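Structure first, commentary second.
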């Protein structure tokens, strides 16, 4: 590793240490009280559940506030899942890289980042659990603490067999990357893509706190959004340095290493091939959200009967709306940023470089999937069961083949 790169790594590590927001996040998570924040929005208005859909347009001021707060809960519940996996793979990657002379700074940097991820998770969980209980009396988007070998996308186009296969893949990659320096570095290519997607949205979420007229008395969740974004800015720099520059200090990848690396990137594409009208910025599979949306509409917040709830779902999921177009634009912006991020890496397949799987997304395809899937959901009595983390497979909808390497 040359002196210039070593200096850049040192600077990123020292600045992250100096501006570490762990104490502030811990303080905010412990101070959060839903009663104190229940009348405030926590994000810019456009970052609300089902923003720009018929539900949003007819919602009262109170209902819009709740939709804004539940967006925060849903969004950061997904981030929890990603950060649990990050903690594990930071450590397996550090195990492989520590074998190289001069790489200690990288390992120390990853240790700090893992510690920060634990603070993020703790703060997110505190807010999510204290919010859903008074609003809904149960979990809707949050979930009990989980390990790193589960589906990263908590609302995905999946089933029990796919989830088990993903678990095996993640365990296998952990073993391989712990003793392979190239794959240890390449993990940060995928981490960089996922963090890049987060930066597109989290920058906007953090601005609610940054532009608040009274930051000291801003709602606690908005402070957490800002503190998290500041930490993640350093994490993204780390990912870029490792995946674009440190990796160049290693021997060229073997065919096997390049295969594993590309299947990992392809897995990220598969995770991000959808876009959601429910949660703009998280690439969830909306048919897997039907049960949750139905439960929300039937809850005291909206108090719809069965027929009205289903009619509203039909209007939100099967017709074009401002919200749908906003979510599609976020998806397209993310895809373009992924393409730019991968451009310098010569081992990347053309199908990954162009984001071929993500390119299949369109407004028309989204609506076709929803019309088939929602009809099936209603036919099988959808909405009668309690909401759970899981999926609904759209009838007759082609599924992209899954990779044999994890979408870590």
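Below, the figures for the structure above:
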| read-out | value |
| --- | --- |
| Odd one out for residue 317 among (1) surrounded by fewer than 21 Cβ atoms within 10 Å (Cβ to Cβ); (2) touching a residue at least 12 places away in the same chain (Cβ under 8 Å); (3) closer than 27 Å to residue 49 by Cα | (1) |
| Any hit, the range 316-338, residues being outside any loop (DSSP other than H, G, I, E, B), under 21 Å from the mean Cα position of the chain (by Cα) and under 22 Å from residue 135 (Cβ atoms) | yes |
| Positions within the range 146-155 being under 14 Å from residue 270 (Cβ atoms) and either at pLDDT below 90 or not in a loop (DSSP other than H, G, I, E, B) (or both), in sequence order | 151, 152 |
| Residue match in the range 36-50 (condition: part of a helix (DSSP H, G or I), touching a helix residue (DSSP H, G or I) at 6+ places or on another chain (Cβ under 8 Å) and farther than 23 Å from residue 292 by Cβ) | yes |
| Single condition residue 248 does not satisfy, out of (1) more than 30 Å from residue 68 (Cα to Cα); (2) buried (at least 20 other Cβ atoms within 10 Å of the Cβ) | (2) |
| Pairs with Cβ under 6 Å, 6+ apart, first in the range 203-214 and free of Cβ contacts under 8 Å to residues at least 60 places away in the same chain and at negative phi, second surrounded by 13 or more Cβ atoms within 10 Å (Cβ to Cβ) and part of a helix (DSSP H, G or I) | 206/225; 206/226; 206/229; 209/222; 209/223; 209/226 |
| Enumeration of residues in the range 276-300 that are outside any helix (DSSP H, G or I) and farther than 28 Å from residue 82 by Cβ | 300 |
| Condition broken by residue 267, with the remaining ones in (1) in contact with a helix residue (DSSP H, G or I) (Cβ under 6 Å, 6 or more places away or on another chain); (2) crowded, with 21+ Cβ neighbours inside 10 Å; (3) at pLDDT below 95 satisfied | (1) |
| Among the candidates 137, 102, residue that is out of contact with any strand residue (DSSP E or B) (no Cβ under 6 Å at 6 or more places or on another chain) and within 24 Å of residue 67 (Cβ to Cβ) | 137 |
| Residues of the range 98-119 satisfying the condition of being over 26 Å from the mean Cα position of the chain (by Cα), part of a helix (DSSP H, G or I) and surrounded by 20 or more Cβ atoms within 10 Å (Cβ to Cβ) | none |
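For (1) in contact (Cβ under 8 Å) with a residue 24 or more places away in the chain; (2) under 25 Å from residue 375 (Cα atoms); (3) exposed (fewer than 15 other Cβ atoms within 10 Å of the Cβ); (4) out of contact with any helix residue (DSSP H, G or I) (no Cβ under 6 Å at 6 or more places or on another chain), each residue gets a yes or a no:
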{"position": "291", "(1), (2), (3), (4)": "yes, yes, no, yes"}
{"position": "298", "(1), (2), (3), (4)": "yes, yes, no, no"}
{"position": "321", "(1), (2), (3), (4)": "yes, yes, no, yes"}
{"position": "324", "(1), (2), (3), (4)": "yes, yes, no, yes"}
{"position": "330", "(1), (2), (3), (4)": "yes, no, no, yes"}
{"position": "342", "(1), (2), (3), (4)": "yes, no, no, no"}
{"position": "347", "(1), (2), (3), (4)": "yes, no, no, no"}
{"position": "353", "(1), (2), (3), (4)": "no, no, no, no"}
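The values are calculated or read from the model by the stated rules, or taken from the named source; none is laboratory data. None of the values given here were measured: they were computed from a predicted structure. Because the Cβ atoms are built from the backbone with ideal geometry, glycine has one as well, and the counts that use them run over all protein chains shown.
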